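Colleague: To start, I am sharing the structure in question, which I have written as structure tokens.
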């Protein structure tokens with residue numbers, strides 16, 4: 001599976017079950033009220 005991220009976008013390509021699994025892991029990794037936008041900002045800040 002491939003993942004491309006920047007501050008505003010998340011692009012995933014792969015099999016449907018891989019994408020669902022990844023999205024569930026992202027949802028579990030933060031607080032229950034976290035949005036995808038908050039996750040992307042946090043992840044791209046770590047990369048820089």
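The values are calculated or read from the model by the stated rules, or taken from the named source; none is laboratory data. For clarity, every value in this text was computed on a predicted model and none was experimentally measured. So basically every Cβ, Gly included, is an ideal-geometry build from the backbone, and we count neighbours across all protein chains shown.
Colleague: Kindly indicate whether residue 18 is touching a residue at least 12 places away in the same chain (Cβ under 8 Å), touching a helix residue (DSSP H, G or I) at 6+ places or on another chain (Cβ under 9 Å) and surrounded by 10 or more Cβ atoms within 10 Å (Cβ to Cβ). Working first, answer last.
Modeller: Numbers: touching a residue at least 12 places away in the same chain (Cβ under 8 Å): yes; touching a helix residue (DSSP H, G or I) at 6+ places or on another chain (Cβ under 9 Å): no; surrounded by 10 or more Cβ atoms within 10 Å (Cβ to Cβ): yes.
Judged against the criteria, residue 18 is not a match.
Colleague: Within the stretch 21-46, how many residues turn out to be in a helix (DSSP H, G or I) and either surrounded by 12 or more Cβ atoms within 10 Å (Cβ to Cβ) or at positive phi (or both)? Working first, answer last.
Modeller: Taking the stretch 21-46 as the starting set, the residues that turn out to be in a helix (DSSP H, G or I) are 21-29, 36-46.
Of the ones still in play, those that are also either surrounded by 12 or more Cβ atoms within 10 Å (Cβ to Cβ) or at positive phi (or both) are 21-23, 26-27, 36, 38-44.
Total meeting the criteria: 13.
Colleague: I would also like to ask the following. Return yes or no: is residue 11 assigned to a helix (DSSP H, G or I) and at pLDDT 85 or above? Quick ask: steps written out before the conclusion?
Modeller: Details: assigned to a helix (DSSP H, G or I): no; at pLDDT 85 or above: yes.
Answer is no for this residue.
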